[in-house]
Amino acid sequence: MCKQLPCYNGTPQEKNFLYKCVGTTLGAASSKDVVRKLLQELLETARYQEEAEREGLACCFGICAISHLDDTLAQLEDFVRSDVFRKSIGIFNIFKDRSDNDVDRVKGTLILCYGHVAAQAPRELVLARAESDILRNMFQCFSTKDPGLQLCLVQSMCMVCQAICSSAQAGSFHFTRKAELVAQMMDFIKAEPPDSLRTPIRKKAMLACTHLVSLEPELEEQVQSDIIHSCLHSIMAVPPEPEGEGGPQEFLYLDTMHTLEDLLRSILRRNMTPQGLQLMVEHLSPWIKSPRGYERVRALGLSACLLQFFLEHLHVSALVPFHNLGLLVGLFSPRCADLWPATRQEAVSCVYSLLYLQLGYEGFSRDYRDDVAERLLTLKDGLVHPDPAILFHACHSIAQIIAKRLPPDQLINLLLTLFESLGDPDKNCSRAATVMINCLLKERGSMLLEKVPEIMSVLRSRLQETREEHVLQSAQHSVYVLASQHCVAVVTSLLGSPLPFDSHTCSLWRALAVEPGLSAQVLGLLLEKMSRDVPFKESRAFLLSSAPDRVATLLPLAVSAAPLPAPPWLPGGLTHRWSGHRPPRHLAAAWGPRASKLGAQPRKGPTGVGPQGRPLCFILWKK
């Protein structure tokens, strides 16, 4: 049969089949000398420039290794060390006058041979020879920049790693060069252009890493993070093929994405904890918030896949808190109003999985079905509609579902994450965040008394970062809802804002004047605070001055600066709103008699003027 090989030079498929027949026959031979002699002849006479023949020769060695693993590896080793194989990196002397491409083809064929040998050999024998005989010779070629040789390397690495993982002793196998091999795969992936996908190199490299991750020793957390980061950047930004032009490139992309999913799942499997899930989401977060729609839909699709995997493999041995639930729900829920319908539906799937994860951590069985959470599936089907009114109504309903199932300790984390989404470049998602925030505050705000100062601080900072009208209206409504539940805490927080009040703080103050009952309550609190505090402190500008200046203290000064409307019980039924340029008259009316009793009167103007003419402080002095 070996003599018949040259007769099939023009028919590569038939010749490939004949190579397999030769390998099968050699596997049945009993003489080791005959096996090694014929294997050497095959290596010396192969037509390495033909891809089908390179693959056929590698298959031949793999099939032969089923029965003659030691002899097959020994022959490959002898061939690499022979005089024919020259230079430290291994180049055939017989090919010294050929181009580098021809040399790389020979090296690539040898690497494929090692891969097929590992894939076909008995599993119980592969582990002992994987590092010492197989990978040691493959490592010599990792420095290549030739795409063809790189493809042979990653393809063979996939076969070797898969052979190791499928062994019954894989759990006890300690792969000493695992980190080195992973680093090499990452180098191959990073070398690929991030804006195009033309070869299966990154797919094969990711597949090799998928198998490697499951082996011992466990990779360091930083290495895992580098793998996730590099692989996401390698594939997420690849532009999609034009509509209607799928073809081979589209299939290659889909295969690569599926391989990426498998890799991320294999990393997550090693750390099936909320922390492990958080690591994944942190890397996906920039893509979830990307300004490019195709990147967002990919990121949400991966997120939904990972959350579903986490849910399916969740095993809770004790009741433990899902401590980052609020952060995760806050990240995904605003995307329910994304401009892309597919992204909206994937976002709902993520929230759905997260709520069931929380139920799992609370001790519910995996087959338990919650009536409230199941409503998300109905809402998901309706999110294909592009009408903004329908989308925001759905977001309100989603927020109500979340409010009913979110643990109290996760509410503040959810709100703070949603506040960050107010600045989302996708205006739909920003508006969805406002809808959800106000719904959550209305439904669950009563338990946020201790968090009011933090919420007020975040609202002020959000207003400073964006000038969008819907964000301002949402912030004002949030303050109104909070004040309806925790009036004292809201007023105290606003009074603690830096003086003079800037326009953003004034906007929040005015939210307290929307409803007459709340406004009257706020004014009562302000007057009470005014009556309980010392209105001024005495100080001397000069040591020899006869009369000390009386400088207003901060709290009364802040109260006097509060831009609220006058109450109806003041003379003349004053109803104006203070613009911030002077104290409101109702507070001046309260201050005047008190100052008179103290033997002091307010100056007609401020001693210092802040932005837009707002008073910095008021100085009182004796009559």
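The values are calculated or read from the model by the stated rules, or taken from the named source; none is laboratory data. Everything numeric here is computed off the predicted structure, so don't read it as measured data. Backbone-built Cβ (ideal geometry, glycine too); neighbour counts: all protein chains shown.
Number of residues in segment 361-401 that are over 22 Å from residue 311 (Cβ atoms) and part of a loop (DSSP other than H, G, I, E, B) equals 4. With the requirement that a residue be in contact with a Phe, Trp or Tyr (Cβ under 8 Å, 6 or more places away or on another chain) and surrounded by 17 or more Cβ atoms within 10 Å (Cβ to Cβ), what does segment 258-288 give you? Within segment 258-288, 265, 268, 274, 277, 288 qualify. If you go through segment 301-315 and keep only what is part of a loop (DSSP other than H, G, I, E, B) and among the hydrophobic types (A, V, I, L, M, F, W, C), you end up with just 314. Under 6 Å between Cβ atoms, which residue pairs at least 6 apart in sequence (or on different chains) link something in segment 265-294 that is at pLDDT 95 or above with a partner that is among the polar types (S, T, N, Q) and assigned to a helix (DSSP H, G or I)? So the pair list comes out as 266/210; 267/224; 284/303. Filtered by the rule that a residue be under 26 Å from residue 557 (Cα atoms) and loosely packed, with under 15 Cβ neighbours inside 10 Å, segment 457-495 gives 457, 461, 464. Criterion applied to 327, 339 was being assigned to a loop (DSSP other than H, G, I, E, B), surrounded by fewer than 24 Cβ atoms within 10 Å (Cβ to Cβ) and not acidic (Asp, Glu), and the one residue passing it is 339.
Taking residues in segment 412-426 that are aromatic (Phe, Trp, Tyr), and partners anywhere that are at pLDDT below 95 and surrounded by 16 or more Cβ atoms within 10 Å (Cβ to Cβ), the pairs with Cβ atoms closer than 7 Å and at least 6 places apart or on different chains are 419/458; 419/462.
Rundown of residues vs (1) of a type in the set (D, E, K, R); (2) in contact with a Leu (Cβ under 6 Å, 6 or more places away or on another chain); (3) closer than 21 Å to residue 509 by Cα; (4) buried (at least 16 other Cβ atoms within 10 Å of the Cβ), yes/no style:
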| site | (1), (2), (3), (4) |
| --- | --- |
| 381 | yes, no, no, no |
| 387 | yes, no, no, no |
| 423 | no, no, no, no |
| 455 | no, no, yes, yes |
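Looking across segment 145-193 at every residue that is touching a Ser or Thr at 6+ places or on another chain (Cβ under 8 Å) and not in a helix (DSSP H, G or I), the one that is surrounded by the fewest Cβ atoms within 10 Å (Cβ to Cβ) is identified as 173. Of the candidates 112, 135, the single residue that is under 22 Å from residue 168 (Cβ atoms) and modelled with pLDDT of 85 or more is 135. Could you tell me whether residue 298 is more than 30 Å from residue 200 (Cβ to Cβ), buried (at least 21 other Cβ atoms within 10 Å of the Cβ), of a type in the set (Lys, Arg) and in contact (Cβ under 8 Å) with a residue 60 or more places away in the chain? It is false that residue 298 is more than 30 Å from residue 200 (Cβ to Cβ), buried (at least 21 other Cβ atoms within 10 Å of the Cβ), of a type in the set (Lys, Arg) and in contact (Cβ under 8 Å) with a residue 60 or more places away in the chain. Scanning segment 496-512 for residues that are touching a Lys or Arg at 6+ places or on another chain (Cβ under 8 Å), outside any loop (DSSP other than H, G, I, E, B) and either crowded, with 22+ Cβ neighbours inside 10 Å or hydroxyl-bearing (Ser, Thr, Tyr) (or both) yields a total of 2. When residues in segment 447-472 are screened for being assigned to a helix (DSSP H, G or I) and in contact with a His (Cβ under 8 Å, 6 or more places away or on another chain), 5 of them pass. Does at least one position in segment 455-472 carry a residue that is more than 21 Å from residue 420 (Cα to Cα), of a type in the set (Ser, Thr, Tyr) and either in contact with a Pro (Cβ under 7 Å, 6 or more places away or on another chain) or at pLDDT 90 or above (or both)? Scanning segment 455-472, I find no residue that is more than 21 Å from residue 420 (Cα to Cα), of a type in the set (Ser, Thr, Tyr) and either in contact with a Pro (Cβ under 7 Å, 6 or more places away or on another chain) or at pLDDT 90 or above (or both), so the answer is no. Counting just the residues of segment 217-257 that are of a type in the set (Asp, Glu) and over 19 Å from residue 158 (Cβ atoms), which one comes out surrounded by the fewest Cβ atoms within 10 Å (Cβ to Cβ)? Among residues in segment 217-257 that are of a type in the set (Asp, Glu) and over 19 Å from residue 158 (Cβ atoms), the one surrounded by the fewest Cβ atoms within 10 Å (Cβ to Cβ) is 243.
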